[in-house]
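Novice: Quick one: structure below, then a few questions.
The values are calculated or read from the model by the stated rules, or taken from the named source; none is laboratory data. All values reported here derive from a predicted model rather than from experimental measurement. Every residue, glycine among them, receives a Cβ derived from its backbone with ideal geometry; neighbour counts consider all protein chains shown.
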């Protein structure tokens, strides 16, 4: 099994991970009003991954989130995002992805800096764009809440597109939906980076 497969299974099985994996999917289905076909495909893929992870558990496989200290480490991260709609969405998605415990004092702070672009793709007969591609770049810095020392930094980029609409309201709604999808994908990528770092830190004897 390659590293990518291990990470995917690690996302699905382990302490509290079944609940954590389900919540972003439920939020996504509600937020984006996906077509029935896409909902069905998402649920089938999730169920298949879960079944495979359960089978691996019987073979002694230790998933990424099963590593001691990973789940508790993720939940102790406080997300600090820029103001604005996309920053808000990103913080909400990350709080869900990390299962952030708001009742406990944070051990880590995750500071985010984001930038986004929107580029036209294709041309209609009237020289207007057929669709737009949104690119969201998020730079993150993880610091120790007690000392302020930087522990990890990185960058993720997510892309999503939407069809241009002739009606202004429909165009705004499509753009906002695409921003939400890009933010959700960026949050998932950041969570994987953080989980991998916490697992490596635990293996090295970090506390």
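Novice: How many residues are under 15 Å from residue 117 (Cβ atoms) and more than 23 Å from the chain's Cα centre (by Cα) if we restrict to segment 128-174?
Specialist: 2
Novice: The conditions are (1) modelled with pLDDT of 95 or more; (2) closer than 21 Å to residue 201 by Cβ; (3) surrounded by fewer than 18 Cβ atoms within 10 Å (Cβ to Cβ), and residue 88 fails exactly one of them. Which is it?
Specialist: (2)
Novice: Another one. Is it true that some residue in segment 169-179 is touching a helix residue (DSSP H, G or I) at 6+ places or on another chain (Cβ under 7 Å) and in contact (Cβ under 8 Å) with a residue 40 or more places away in the chain?
Specialist: yes
Novice: Quick one: in segment 91-105, of everything that is in contact (Cβ under 8 Å) with a residue 40 or more places away in the chain and part of a loop (DSSP other than H, G, I, E, B), which residue is surrounded by the most Cβ atoms within 10 Å (Cβ to Cβ)?
Specialist: 99
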